[in-house]
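Trainee: This is the structure, below, for whatever I ask next.
The values are calculated or read from the model by the stated rules, or taken from the named source; none is laboratory data. All values derive from a computational prediction rather than experimental measurement. When we count neighbours, we look across all protein chains shown, and the Cβ atoms used for this are built from the backbone with ideal geometry, even at glycine. All accessible areas refer to the heavy atoms of the entire protein, side chains included, with ligands and DNA or RNA removed. Shrake-Rupley method; radii C 1.70, N 1.55, O 1.52, S 1.80 Å.
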Amino acid sequence: MADGRIELAKARILVTNDDGVGSPGIKLLEEIARDLSPDVWVVAPEQEQSASSHSLTTRRPLRMSELAERRYAVDGTPTDCVMLAIKHLLREHRPDLVLSGVNGGGNVGEDLTYSGTVAAAMEATLLDIPAIALSQHFIDGEAIPWDTAARFAPEVIRRLTRLPWPEHTLMNINFPAAAPDDVRGIAVTSQGKRAIASNLSERLDPRGRPYYWIGPVREDGFAEPGTDLAAIQEQQVSVTPIYLNLTNIPVLASLKKVFG
Ligand code: MN
């Protein structure tokens with residue numbers, strides 16, 4: 001639409017993720033997208049790319065394979081997928097909206113700097129296409145409550161796309177680890193911050209040489225009110241606008257005095 005809003009029923013939607021094209025979360029997101037619009041394309045990594053961040057593959061060629069009509073796998077990162085989709089596959093008719101996820105696991109606080117799910121939305125944002133990252137929290141050892149994302153994602157996407165889309169901004173959505181009926185509403189939040197644990201395993205390989213394996217780095221503790229972390233602790237759906245200009249504006253003036 002001329003005022004910057006997205007008309008979902010006519011929108012071309014690109015669906016991607018970082019868990020891989022065969023993951024349950026992207027199948028769910030594809031279904032959600034198809035209920036919103038008939039023009040849905042999936043371009044996603046062949047293999048899981050969680051914690052790949054905004055990585056772009058430049059030192060080897062990329063292959064894209066057509067799995068079905070409007071469904072492609074790329075042997076690269078989420079960022080590669082979005083770039084290939086927008087700059088090559090769909091270049092004649094760019095998507096109006098990019099949806100990334102639904103990730104199996106949360107993306108809150110400092111997760112955003114590691115997340116491939118969020119990075120795919122970043123890439124779309126850099127290419128001036130509105131983008132939403134969606135992640136479903138779960139409790140370790142328990143099944144992922146996909147029903148919760150299924151229940152709330154369509155409404156959140158509809159409400160977000162009714163707004164004129166803000167510049168340089170992606171929307172980061174997290175669904176809490178709770179059954180749909182136990183969710184306590186939708187909260188608009190800011191990005192929180194946790195301590196990062198040093199969960200490193202040192203082991204020996206079959207030849208007796210040490211190797212290292214980075215484990216879960218989350219350390220859940222007190223969550224600042226109003227943050228994505230607090231909303232998830234309160235079993236709320238969290239909606240965070242993420243701005244892609246990384247400049248710390250309040251520091252500019254004081255820094256100018258120092259170097260003035
Ligand atoms: Mn993932």
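Trainee: Contact order normalised by length for segment 87-206, with contacts defined as Cα pairs under 8 Å and 6 or more residues apart; what percent is it?
Mentor: That works out to 28 percent.
Trainee: Still on this structure: Using the basic label-point model (7 angstrom from Cα toward the beta carbon), what is the ARG59 to GLU155 distance in nanometres?
Mentor: Label-label distance for ARG59 and GLU155, simple model: 4.8 nm.
Trainee: Can you give the accessible area of GLU224, probe radius 1.4 Å, in Å² rounded to 10?
Mentor: 110 Å²
Trainee: On a 1.4 Å probe surface of the protein chains, which of LYS27, LYS193 comes out largest in accessible area, and what is the full order? Could the numbers behind the result be given before it?
Mentor: Working: LYS27 95, LYS193 165 Å².
Sorted descending by solvent-accessible area, the residues read LYS193, LYS27.
Trainee: So what's the convex hull volume per residue for the Cα atoms of segment 84-203, in Å³? Each step should come with its number before you reach the end.
Mentor: Numbers: hull volume 18.4 nm³, N = 120.
Convex hull of Cα atoms, per residue: 153 Å³.
Trainee: Per-residue accessible area for GLU66 at 1.4 Å probe radius, Å² rounded to 10?
Mentor: Spelled out: GLU66, probe radius 1.4 Å, area about 120 Å².
Trainee: Rank these by accessible area, largest first, 1.4 Å probe: MET64, MET122.
Mentor: So, going from the largest accessible area down, we get MET64, MET122.
Trainee: Oh, and also: Above 17 Å lies some portion of the pair distances; for segment 165-235, what is it as a whole percent of all C-alpha pairs?
Mentor: For segment 165-235, the fraction of Cα-Cα distances above 17 Å is 62 percent.
Trainee: Let me ask something additional. Taking +1 at the Cβ of each Lys and Arg and -1 at the Cβ of each Asp and Glu, which of ILE173, VAL217, VAL118 sits farthest along the dipole of the chain towards its positive end, judged by Cα position relative to the Cα centre?
Mentor: VAL118
Trainee: For segment 120-175, what is the Kirkwood hydrodynamic radius in Å, using each pair of distinct C-alpha atoms? Write down the numbers at each step before the final one.
Mentor: Working: mean 1/r = 0.0801 Å⁻¹.
One decimal place: 12.5 Å for the Kirkwood radius.
Trainee: Give the accessible area for ILE242 in Å² (nearest 10); use a 1.4 Å probe, count only protein heavy atoms, and leave out ligands, DNA and RNA.
Mentor: Only protein atoms counted, so the area is about 20 Å².
Trainee: Note the full-extension length gain between ASP35 and SER201 as 0.36 nm times their separation in residues minus their Cα-Cα distance, in nm to one decimal.
Mentor: Numbers: separation 166, 0.36 × 166 = 59.76 nm, distance 4.40 nm.
Stretched fully, the ASP35-SER201 segment lengthens by 55.4 nm.
Trainee: Taking the Cβ of ALA178 as the center, what net charge do the other residues with Cβ under 14 Å away carry, scoring Lys and Arg +1 and Asp and Glu -1?
Mentor: My count for the surroundings of ALA178 gives -3.
Trainee: With N set to the residue count of the chain, report its C-alpha Rg divided by 2.2 N^0.38 Å to two decimal places.
Mentor: On the way: Rg = 19.0 Å, N = 260, 2.2 N^0.38 = 18.2 Å.
Compactness ratio reported: 1.04.
Trainee: Plugging the Kirkwood radius over Cα pairs into Stokes-Einstein for segment 1-109, at a temperature of 20 °C and a viscosity of 1.002 mPa s, what D comes out in µm²/s?
Mentor: D, rounded to a whole number, is 152 µm²/s.
Trainee: When the chain is fully extended, how far beyond the present Cα-Cα distance does TYR211 get from ALA143, taking 0.36 nm per residue of separation?
Mentor: That works out to 21.5 nm of additional length.
Trainee: State the Kirkwood hydrodynamic radius of segment 205-260 in Å, one decimal place, computed from all pairs of distinct Cα atoms.
Mentor: For segment 205-260, inverting the mean 1/r across all distinct Cα pairs yields 16.3 Å.
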